[in-house]
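Working notes for the structure below.
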Amino acid sequence: MRTRFVLIQTSHAGNVGGVARAMKVMGFDDLVLVQPRWANVLRREETIQRASGANDVLAKTRVVDTLDEALDGMTHLCATAMTPRDFGPPTLAPREHFQTLLATPEPPEGVAFLFGSERFGMRNEDVYRCHAALSIPTAPDFGSLNLAAAVQLIAYDWRQALGGFAPLPPAPPRQQADAQAIGGMLTHLEQALVAVDFLDPAAPKKLMPRLNQLFNRAAPSEEEIHILRGVAKAMLQAAEKARR
């Protein structure tokens, strides 16, 4: 389904970059700016830095003079509002609205999410054009969200409603060290502990068996065994230097 994010009179260049990043991680790339404060906002350093690699989204972004131009081809409009208005479209939580919207016999061909300026939000006349006003549930005593954060939440809920992404495949299992490798490391470590006078070979007590049990519980990988043997080697070298 065609999805567009529309920012109206955005005043902070960094927010444009942050929005591009928020969209890209959710698989969206149709961004339109209506009368942004900076005519060159897409080329400003702060925008590019905050995009954090979402330069392809910025490259496709359009800057237009009117909201009509931004809404070309969109058939369902969602305003964003922190508080309900006395008049206008119904105020709904995003997930609630998305479930209802996608369950209709004929879902819209294009959905646009509209966001007002950071300072004043959306104008009433722009909200009145929309089919729904989305209000992100937040703490009752502090509901102010950064623009890019609000876009991220809406984009996430919308992507999930559309089916989401498959989880990343799990990392390959690490190669656990076998008993022979652990035994060899313990022998090496015992030599190092004797060399630094931590272990008295005449009265070892149960230090090495306890360490053996410790490493059995830890189930170290082969790479971790190599690290521990490197530590033991360094201890032996340091002890040798001290005796010279």
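Summary of values
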{"quantity": "From Ile182, Ile136, residue being within 42 Å of the chain's Cα centre (by Cα) and under 30 Å from Gln49 (Cβ atoms)", "calculated": "Ile136"}
{"quantity": "Only one of Ala166, Ala133 that is of a type in the set (Gly, Ala, Ser) and either over 28 Å from Pro107 (Cβ atoms) or surrounded by 10 or more Cβ atoms within 10 Å (Cβ to Cβ) (or both)", "calculated": "Ala133"}
{"quantity": "Set Thr91, Thr66, Thr47: member being among the hydroxyl-bearing types (Ser, Thr, Tyr), touching a strand residue (DSSP E or B) at 6+ places or on another chain (Cβ under 8 Å) and surrounded by 12 or more Cβ atoms within 10 Å (Cβ to Cβ)", "calculated": "Thr91"}
{"quantity": "Elements of type strands (runs of 3 or more DSSP E) contained in region 44-118, each with 1 or more residues being modelled with pLDDT under 95 and of a type in the set (S, T, N, Q)", "calculated": "76-80"}
{"quantity": "Residue within region 28-43 that is in contact with a Gly (Cβ under 8 Å, 6 or more places away or on another chain) and crowded, with 21+ Cβ neighbours inside 10 Å present", "calculated": "no"}
{"quantity": "Residue within region 140-150 that is in contact with a Leu (Cβ under 8 Å, 6 or more places away or on another chain) and either buried (at least 18 other Cβ atoms within 10 Å of the Cβ) or in the same structural domain as Gln99 (by TED's automatic domain parsing) (or both) present", "calculated": "yes"}
{"quantity": "Conditions (1) more than 22 Å from Ala242 (Cβ to Cβ); (2) exposed (fewer than 14 other Cβ atoms within 10 Å of the Cβ); number of the one not met by Ile225", "calculated": "(2)"}
{"quantity": "Only one of Gln176, Gln180 that is among the polar types (S, T, N, Q) and exposed (fewer than 11 other Cβ atoms within 10 Å of the Cβ)", "calculated": "Gln180"}
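This table checks each residue for (1) under 23 Å from the mean Cα position of the chain (by Cα); (2) touching a residue at least 24 places away in the same chain (Cβ under 8 Å); (3) not assigned by TED's automatic domain parsing to the domain that holds Gly116.
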site	(1), (2), (3)
Ala13	yes, yes, no
Pro36	no, yes, no
Arg43	no, no, no
Leu58	yes, yes, no
Val63	no, yes, no
Leu67	no, yes, no
Ala81	no, yes, no
Thr91	no, yes, no
Pro94	yes, yes, no
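Condition check ((1) in a helix (DSSP H, G or I); (2) under 22 Å from Met23 (Cα atoms); (3) among the small types (Gly, Ala, Ser)) across all residues:
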{"site": "Ala150", "(1), (2), (3)": "yes, yes, yes"}
{"site": "Ala155", "(1), (2), (3)": "yes, yes, yes"}
{"site": "Phe165", "(1), (2), (3)": "no, yes, no"}
{"site": "Leu168", "(1), (2), (3)": "no, yes, no"}
{"site": "Pro173", "(1), (2), (3)": "no, no, no"}
{"site": "Gly184", "(1), (2), (3)": "yes, no, yes"}
{"site": "Thr187", "(1), (2), (3)": "yes, no, no"}
{"site": "Asn212", "(1), (2), (3)": "yes, no, no"}
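The values are calculated or read from the model by the stated rules, or taken from the named source; none is laboratory data. Remember, it's a predicted structure, so these values are computed and weren't measured experimentally. We place every Cβ from the backbone using ideal geometry, glycine too, and count neighbours over all the protein chains shown.
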